[in-house]
Amino acid sequence: MIREIEAKTMLSHRKKPDSWFGVKYNINISRGCQHQCIYCDSRSECYQIEDFNDVLVKVNAIPLLRKELASKRVKGTIGFGAMSDPYTQIERKYQLTRQALKVIAEMRYPVHMLTKSDMVLRDLDLLKQINEVFAIVSFTLTTADDDLAAILEPHAPLPSARLRAMQTLVENGIPTGVMLMPILPFIEDTPENITAIVEAAHQHGASYILPAMALTLRDRQREYYFEKLDEHYPGLSEKYRRAYGESPQNVPSNIRALEAHFTRLCKQYGIATRVPRYTPPPQPEQLTWF
């Protein structure tokens, strides 16, 4: 179900850009996400989203964003996609992501778009304008297999569509890469899967891949994920229960081997394993009378 809501604020912020994504400010146009990936951490209780099947659209997002950006003293990268993808089906109707990018372009802020959608190409004109300051687009890929992705990420565009969009962005001068996260134990944690993703990313122009070779499972997220595993992979949830116990964290026994394999591949193809960062222009030196 889609509901319209009035947000009180639009931007969350950090004192310094975060070490993973280089983001100082985060924006989420909605609460809840229509892609409905079966492993999504945003279902967890700590995020206080009552029903992740509902999508709450922040219809006053744009005036709020304009007001908040005008009050900022420090320019930093604005990240889209931390809690909900900026390009789901609601964007076709509301176009809030596009309107937000227009404001950001006008006010000359940098952006980092995280998405699983090729709909990002609709806003190529704005991203090119923003890239006069700084713009990057990161596509989440946990598999390069379209059939597997259709099970794990049922309403997201297929990996092949994301990769084609990646190539188009690169051809238009937009730095682009991959969020290789999460890697699902017992499903995606194989050298073959990692190889397929890295090679596909390389073939389509990715300049970086940021990996996280594990999966966190918390409260409601865990319950939903296990239900879907029972539906698609009968018996597999029991392996997870034994591996995780009561903990939300599990360190797979093969994680070091996978990380080493990934590092070798990235070195072979010349792919960075760190996200590019926005560098603010130097402040003009103040002249003195002495």
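Throughout, read-outs are computed from the coordinates displayed, never taken from laboratory work. The shown structure was predicted, so the numbers you read here are calculated from the model rather than taken from an experiment. No Cβ is skipped: glycine too gets one built from the backbone with ideal geometry, and neighbour counts run over all protein chains shown.
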Taking a ≥ b ≥ c as the square roots of the eigenvalues of the Cα gyration tensor of segment 44-94, is the shape rounded (a/c under 1.5), prolate (a/b larger than b/c) or oblate?
prolate
At q = 0.10, 0.11 Å⁻¹, what log₁₀ I(q)/I(0) does a Debye calculation on the Cα points of segment 96-242 give, no solvent, two decimals?
-0.40, -0.48
Contact order normalised by length for the chain, with contacts defined as Cα pairs under 8 Å and 6 or more residues apart; what percent is it?
18
Considering only segment 2-269, what is the antiparallel percent among its DSSP beta bridges, to the nearest 5?
20
Separation of alpha-carbon centers, segment 1-42 and segment 128-171, rounded to whole Å:
18
Long-range amide H contacts for Gly79: which residues qualify at under 5 Å (H placed 1.01 Å from N, peptide plane, sequence gap of 5 or more or a different chain)?
Lys24, Tyr25, Asn26, Ile27, His112
Size-normalised alpha-carbon gyration radius of the chain, reference 2.2 N^0.38 Å
1.04
Mean residue ellipticity (222 nm) of the chain, computed from DSSP H runs ≥ 4 via -39,500 (n - 2.57), nearest 500:
-11000 deg cm²/dmol
Sort out for me the Cα centre separation of segment 57-127 from segment 223-288, rounded to whole Å.
25
Using a 10 Å cut-off around each Cβ, can you sort Leu169, Leu96 from fewest to most neighbouring Cβ atoms?
Leu96, Leu169
Can you list the HN-Hα couplings for segment 19-25, worked out from phi with the Karplus curve (6.51, -1.76, 1.60; θ = phi - 60°), rounded to whole Hz and with x for Gly and Pro?
6, 7, 10, x, 9, 9, 10
Structure shown: which of Lys67/Lys93; Lys15/Lys67; Lys116/Lys267; Lys75/Lys267; Lys15/Lys228 lie over 30 Å apart, alpha-carbon to alpha-carbon?
Lys75/Lys267; Lys15/Lys228
